[in-house]
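The block underneath contains the structure these notes are about, expressed in structure tokens.
The values are calculated or read from the model by the stated rules, or taken from the named source; none is laboratory data. Since the structure is predicted, the reported quantities are computational estimates derived from the model, not experimental observations. Positions of Cβ are backbone-derived with ideal geometry, glycine not excepted, and every protein chain shown enters the neighbour counts. Ligands, DNA and RNA are stripped out before the accessible areas are found, and what is left, the full protein with its side chains, is counted by its heavy atoms. Shrake-Rupley method; radii C 1.70, N 1.55, O 1.52, S 1.80 Å.
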Amino acid sequence: MHSAIEANFDGLVGPTHNYSGLSYGNVASSLNSAKPSNPKAAALQGLTKMKALADMGFVQGVLAPHERPHIPTLRALGFSGTDAQVLAKAAQQAPKVLAAVSSASCMWTANAATVSPSADTQDGRVHFTPANLVNKFHRSIEHQTTGRILKATFPDSDHFAHHLALPSVDHFGDEGAANHTRFCGDYGQAGVELFVYGMSAFNTAEPRPQRFPARHTLEASQAVARIHGLAPERTVFVQQHPDVIDAGVFHNDVIAVGNGNVHFYHEKAFLDTQQMQYDLRQAWGEQDKELYFVEVPDSAVSVQDCVQSYLFNSQLLSHANGNMTLIVPGEVEQNEPVWSYLQDLIQQSTPIKDVQVFDLKQSMSNGGGPACLRLRVAMNTAELAAVNPATLMNESLFGTLNKWVEKHYRDRIVEADLADPSLLNESRQALDELTQILQLGSIYEFQQA
């Protein structure tokens, strides 16, 4: 067996990062709607986190942003003329549509795809299924470009299998790895894949949220598990509690995080917590390592505190000695109940022994923390060697990307700026240069025209 690691591939924040409040059900996104954003600061904050994890010894990759504003979508919706005329017409006739096709939401690569490592799949390859993100128009236009970026990043078909997104209808609403967690004793061993869904689309008698949408369906999770060739006995499906969705927990990764042999979650995260524990234990079986359930009581940290601080939208990372580090946003430190709980947690008899705080305010203001910004890919040494090496973070790439951001990004954007043709041209110039830095080829429509 090849030794294996878990890599994190973070989304590089795009040049049009703005606060248009597009994500109904995401409290932070709604609260900051129409405020000025700082794309340059956002991108640099994300790069700082990537470099810090690489310096800690973790394999860290970069996923490129998408072309925004997305002119092909505007043309498909009937806006015509030159690119500048298309922008002007959209701004006048449908400003919210223009805002949607200008979103930099692809930075949150936890929603880019669901990934199953080769140790879990029938054909022994790493499988990727881009998420259709059908519940939000601004994200539903992402999956085709996401698929091209993933193929350019993981190009070797001997090691990597790339699938199309599921049908773009609510019945198969798929939000990707934000609702998917893998547990394992070692990254190279067969693991247990946990799929968390918001509702059953076809069984309307099952519970579902009443206020905010359940973006991810049971049927989507079951389809991805089939497509990836997962063993049914090591695959678990669990429903997120409808009440926490209605409280603003739009993805499971806002109320739970798992890694290795640890499941860290809030008391109210799941509709049936006992059943979740039982099903995971059954799938875990007789492995050498103990499976830890670290349940945060509501009396210590409320659901509101979870949403405000993004305690669970953190990265749980394993060290060689078996201990784990929790990577959290700065908002956690500012929330007294949450910070107090974490200080107690690292003293307990669980593998979580360290907490590291990162400033991700630009991303957090749009409703995405450390976990939103990364797609996890467990790989053995042969698979890692087959990854596009230009996408892996190191001192040289960090310096190059920082200079690239400083050269191309604005430090202030408001919604009215999205109609500016020069912003589109700046973004295209930046992305064209980026594809050369990351050796991705011509992945954008404007490069293929």
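Any residue at all in segment 235-250 that is on the phi > 0 side of the Ramachandran plot and either among the β-branched types (Val, Ile, Thr) or in contact (Cβ under 8 Å) with a residue 60 or more places away in the chain (or both)? Within segment 235-250, one or more residues are on the phi > 0 side of the Ramachandran plot and either among the β-branched types (Val, Ile, Thr) or in contact (Cβ under 8 Å) with a residue 60 or more places away in the chain (or both). Residues of segment 215-235 that are part of a loop (DSSP other than H, G, I, E, B) and either modelled with pLDDT under 95 or out of contact with any helix residue (DSSP H, G or I) (no Cβ under 8 Å at 6 or more places or on another chain) (or both): Arg215, His228, Gly229, Ala231.
Take Ala113 and decide whether it is modelled with pLDDT under 95 and either within 16 Å of the chain's Cα centre (by Cα) or of a type in the set (A, V, I, L, M, F, W, C) (or both). Considered against the rule, which asks whether it is modelled with pLDDT under 95 and either within 16 Å of the chain's Cα centre (by Cα) or of a type in the set (A, V, I, L, M, F, W, C) (or both), Ala113 comes out as no.
Mind listing whichever residues of segment 61-94 are closer than 30 Å to Asp10 by Cβ and among the hydroxyl-bearing types (Ser, Thr, Tyr)? Thr73, the sole residue that qualifies.
For segment 78-85, indicate whether the set of residues that are of a type in the set (Asp, Glu), closer than 23 Å to Ala390 by Cβ and either part of a helix (DSSP H, G or I) or under 17 Å from the mean Cα position of the chain (by Cα) (or both) is non-empty. No; the residues of segment 78-85 include none that is of a type in the set (Asp, Glu), closer than 23 Å to Ala390 by Cβ and either part of a helix (DSSP H, G or I) or under 17 Å from the mean Cα position of the chain (by Cα) (or both). Within segment 377-398, is there a residue that is assigned to a loop (DSSP other than H, G, I, E, B), surrounded by fewer than 16 Cβ atoms within 10 Å (Cβ to Cβ) and touching a residue at least 12 places away in the same chain (Cβ under 8 Å)? Taking every residue of segment 377-398 in turn, at least one turns out to be assigned to a loop (DSSP other than H, G, I, E, B), surrounded by fewer than 16 Cβ atoms within 10 Å (Cβ to Cβ) and touching a residue at least 12 places away in the same chain (Cβ under 8 Å). Suppose we filter Ser363, Ser427, Ser422 for residues that are among the small types (Gly, Ala, Ser) and open to solvent by 10 Å² or more (accessible area, probe 1.4 Å); which single one remains? Unique residue meeting the criteria: Ser422.
Yes or no, residue by residue, for (1) touching a Lys or Arg at 6+ places or on another chain (Cβ under 9 Å); (2) among the polar types (S, T, N, Q); (3) open to solvent by less than 10 Å² (accessible area, probe 1.4 Å):
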site	(1), (2), (3)
Asp123	no, no, no
Glu142	no, no, yes
Arg148	no, no, no
Thr153	no, yes, yes
Ser157	yes, yes, no
Pro167	no, no, no
Gly176	no, no, yes
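For segment 131-177, which positions are assigned to a helix (DSSP H, G or I) and under 23 Å from Glu383 (Cα atoms)? Scanning segment 131-177 gives Thr145, Thr146, Gly147, Arg148, Ile149, Leu150, Lys151, Ala152, Thr153, Gly176, Ala177.
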